[in-house]
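Note sheet for the following structure.
The values are calculated or read from the model by the stated rules, or taken from the named source; none is laboratory data. The shown structure was predicted, so the numbers you read here are calculated from the model rather than taken from an experiment. Every residue, glycine as well, gets a Cβ built from its backbone with ideal geometry; the counts of neighbours run over all protein chains shown. When the accessible area is computed, the model is the full protein with side chains, heavy atoms only, and any ligands, DNA or RNA have been set aside. Shrake-Rupley method; radii C 1.70, N 1.55, O 1.52, S 1.80 Å.
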Amino acid sequence: MIYFKEIQLSLLVIVSTIAGETGIAFRDVTDELGIAPQVRPPATGSLRLYEAYEGQPLLFDYDRDNDLDLFLAAGYGPYDSLLLGYNRLYRNDDTNMVDVTKIMGLDSLPPAGSAAAGDVDGDGFLDLYLCMLDDDILLHNDSGIVWTDISESAGISNSDWALEAVFFDATGDGFVDVYIANFVVLPESDTLLCRDPATNRITTCEPEFFDPAPNRLYVNNGAGLFTDQTQQLGMLDTTSRSQAVKLLDANSDNRVDLLVQSYRSPNLLYLAGDGPGFQEVGLESGLALAPDGTDPIWNEIQILDMNADGHFDVLFARQDGRLEFMLNDGYGHFFPGLYQVGLQFPRHYYGATAVLPIDLNFDGAIDLLLADRPDSNLPEHEERDGLGRRFAQIIYAAGNSEYEPSDLSLAFTIDIELADGRLIAGTPAGNALAPGNQSYLNDDLIPETIYRRDLELPVTPETYPTTAFLGSEADSIFAQHYSLFRMVEWDTISVRESPASFRATDLNMDGIQELFALYPSGQVRVWRRVIDEQPRFLGMMPRVLEPGLNIIGASIQVSFEQIVYRNLVSDSQPLIIYLPSFIDQANVLINWPDGSVNNFRATVFNGYYTLTKQDQEQ
């Protein structure tokens with residue numbers, strides 16, 4: 001078990017290398033942007049389930065200066081409400097990112113797991129919803145100057161473990177509501193103990209050992225006051241251990257629907273009706289289960305128009321490394337599409353923990369970048385770097401709505417130094433043990449199963465107070481009579497990591513997307529594309545120029561030649577589409593959430609159009 005410790009966390013970055021001649025290169029610009037290495041809350045060593053979930057980055061424009069700022073959620077620690085100051089907010093100042101966590105009043109918040117941005121009161125500034133281990137937090141953005149916790153006054157009272165939230169207009173009144181994907185109900189005390197059947201060692205209990213936590217929909221009255229209307233709007237469910245929620249228009253009726261990713265239980269698809277309310281149609285749609293009828297562990301869901309027919313398709317990455325393509329017939333019915341897009345028989349086995357849709361060769365078609373999982377058990381011919389690790393893999397869109405598996409890969413590896421706790425002494429009943437003497441301790445207790453408690457003992461960076469919790473009846477009796485105080489000194493170990501997942505955005509609005517790579521240790525690194533020639537692109541920034549207007553849920557359709565790409569505005573990030581050199585114009589159709597429509601012809605490229613309901617400006 002590795003313990004993260006702020007004073008001993010350092011990072012050594014390896015410049016990205018290319019496996020094969022791809023003509024694609026990235027360089028790590030995290031340090032030059034001014035983004036510091038992430039420091040996670042210290043682990044307890046108890047292998048609690050929530051400590052396995054890293055924090056997620058959120059890119060949004062909080063100060064309305066037309067560039068993207070960055071919020072880094074820290075991930076969960078042993079005491080979600082007591083450990084403060086681990087989240088980070090960076091303001092984008094064109095050439096670098098400035099840490100404004102303290103001056104914006106965010107340094108007193110507990111560590112969050114993720115965040116969502118939405119304008120809850122229609123003042124034109126994006127507010128923040130923080131998903132927490134217990135009580136979620138709604139932060140009001142006061143004109144981009146300071147943040148204020150309005151959770152209680154706004155009526156937000158979600159106390160379950162939330163993994164993800166999304167803002168959208170659920171009632172059609174023009175105001176953004178918030179849907180929260182809750183995961184599992186955690187016990188109030190640490191009584192659940194699991195062992196690996198192969199080694200009999202203590203291990204983290206799988207989520208299916210915990211009861212599902214119900215999801216919630218809070219409806220906004222327009223002034224930033226929310227009421228729980230989950231049941232009234234048809235979204236009450238007690239079966240889903242929900243991990244993520246995505247916006248889409250599943251049946252192409254220009255209404256916003258929701259797809260909820262579930263852990264080892266059917267996914268949920270909520271279709272918006274003609275009036276208020278939603279209908280859950282996951283099984284009927286074909287998205288509830290895998291095509292073979294099982295309920296695997298999904299790592300990630302991506303919404304995209306895979307075959308450029310104007311309908312939203314769904315791409316799943318499974319924990320076992322397989323991809324599932326689900327093609328939409330335009331009426332909300334999804335069917336397996338690996339064969340249709342040319343990936344039924346891949347050239348290589350892909351162990352994709354995550355997948356990012358991105359146009360890597362700037363040809364106007366969406367490629368796939370796979371976060372290929374490390375695997376020491378790969379056959380020799382499948383090893384990528386001689387150590388059983390795998391680089392990020394590329395699948396190109398070859399045209400005619402088909403994908404072409406490639407032999408090309410990119411290395412986004414980093415070398416990271418982590419603090420590793422080593423037991424040097426323990427004291428049962430106050431009697432000191434010599435260093436290395438474990439006569440009173442089971443080997444399984446070092447250090448995997450220690451449970452932190454409040455003890456009236458001096459704590460320094462070199463000590464780690466714990467009590468033991470053991471599995472057998474005899475061990476339980478032992479734990480009742482002896483308080484163990486363990487002295488731990490910290491060694492450092494070097495680990496080479498590959499990304500577990502990616503995000504992409506145009507951070508400096510130059511038409512080139514940066515990659516935000518998320519690593520298993522919780523680090524987030526920014527990789528910038530190295531290019532020889534500026535690609536031809538059409539950029540669009542949905543923007544609210546009048547208070548009270550909602551842009552989330554707007555559908556943007558871009559067409560040229562016989563190709564149609566459809567995108568849904570689900571956050572404040574810009575939309576970018578690369579165009580072949582022979583294209584001199586593109587048609588853009590915007591369906592706004594209130595039913596109004598804009599249609600214009602884009603003839604000026606390599607810049608951003610600001611999309612409003614009134615007009616479009618370069």
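So Glu404 clears everything in (1) of a type outside the set (Gly, Ala, Ser); (2) under 30 Å from Ser581 (Cβ atoms); (3) modelled with pLDDT under 85; (4) in a loop (DSSP other than H, G, I, E, B) except one condition, right? Which one? Glu404 satisfies all of (1) of a type outside the set (Gly, Ala, Ser); (2) under 30 Å from Ser581 (Cβ atoms); (3) modelled with pLDDT under 85; (4) in a loop (DSSP other than H, G, I, E, B) except (4). Name, by its number, the condition in (1) modelled with pLDDT of 95 or more; (2) crowded, with 22+ Cβ neighbours inside 10 Å that does not hold for Gly75. Of (1) modelled with pLDDT of 95 or more; (2) crowded, with 22+ Cβ neighbours inside 10 Å, only one is false for Gly75: (1).
Within the stretch 491-527, the set of residues being within 20 Å of the chain's Cα centre (by Cα), open to solvent by 20 Å² or more (accessible area, probe 1.4 Å) and farther than 28 Å from Ala52 by Cα comprises just one member, Gln513. Looking only at residues in the stretch 283-303 that are open to solvent by 10 Å² or more (accessible area, probe 1.4 Å) and under 14 Å from Ala250 (Cα atoms), the one that is farthest from the chain's Cα centre (by Cα) is Glu284. Within the stretch 139-196, restricting attention to residues that are charged (D, E, K, R) and either assigned to a strand (DSSP E or B) or surrounded by 17 or more Cβ atoms within 10 Å (Cβ to Cβ) (or both), the residue that is modelled with the lowest pLDDT is Arg195. Residue count for the stretch 254-268 satisfying the condition of being more than 11 Å from Asp295 (Cβ to Cβ) and not acidic (Asp, Glu): 8.
The condition (being at pLDDT below 85, among the charged types (D, E, K, R), open to solvent by less than 50 Å² (accessible area, probe 1.4 Å) and under 29 Å from the mean Cα position of the chain (by Cα)) is satisfied by just one residue among Arg566, Arg543: Arg543. Looking only at residues in the stretch 202-238 that are among the polar types (S, T, N, Q), within 17 Å of Tyr129 (Cβ to Cβ) and assigned to a loop (DSSP other than H, G, I, E, B), which one is most open to solvent (accessible area, probe 1.4 Å)? Step by step, filter the stretch 202-238, then rank; the result is Asn221. The residues of the stretch 572-617 that are over 22 Å from Asp367 (Cβ atoms), β-branched (Val, Ile, Thr) and at pLDDT 85 or above, listed by number, are Val588, Ile590, Val597, Thr603, Val604.
Condition check for Asp584 on (1) more than 16 Å from Asp61 (Cα to Cα); (2) buried (at least 20 other Cβ atoms within 10 Å of the Cβ): one failure, at (2).
Of all residues in the stretch 121-138, those satisfying the criterion of being open to solvent by 20 Å² or more (accessible area, probe 1.4 Å) and not acidic (Asp, Glu) are Phe125, Leu126, Leu133. Residues that are closer than 18 Å to Asp292 by Cα and among the polar types (S, T, N, Q) were ranked within the stretch 324-377; the one that is modelled with the highest pLDDT is Asn328. Contact map, the stretch 249-265: residues that are within 21 Å of Asp309 (Cα to Cα) and open to solvent by less than 20 Å² (accessible area, probe 1.4 Å) paired with residues that are assigned to a loop (DSSP other than H, G, I, E, B) and among the aromatic types (Phe, Trp, Tyr), Cβ distance under 7 Å, separation 6+ or inter-chain. Pairs shown: Asp249/Phe312; Ala250/Phe312.
Leu58: modelled with pLDDT of 90 or more, open to solvent by less than 20 Å² (accessible area, probe 1.4 Å) and among the aliphatic types (A, V, I, L, M), yes or no? Here the answer is no, as Leu58 does not meet what is asked.
Could you say whether any residue in the stretch 520-537 is assigned to a strand (DSSP E or B) and either at pLDDT below 90 or among the small types (Gly, Ala, Ser) (or both)?
Within the stretch 520-537, none of the residues are assigned to a strand (DSSP E or B) and either at pLDDT below 90 or among the small types (Gly, Ala, Ser) (or both).
Would a scan of the stretch 119-126 turn up a residue that is outside any loop (DSSP other than H, G, I, E, B) and within 19 Å of Pro57 (Cα to Cα)? No, every residue in the stretch 119-126 fails to be outside any loop (DSSP other than H, G, I, E, B) and within 19 Å of Pro57 (Cα to Cα). When Leu106 is tested against (1) closer than 23 Å to Pro520 by Cα; (2) open to solvent by less than 20 Å² (accessible area, probe 1.4 Å); (3) assigned to a loop (DSSP other than H, G, I, E, B), just one condition goes unmet, and that condition is (1).
Taken over the stretch 324-351, residues that are closer than 16 Å to Glu404 by Cβ and out of contact with any Phe, Trp or Tyr (no Cβ under 7 Å at 6 or more places or on another chain) amount to 9.
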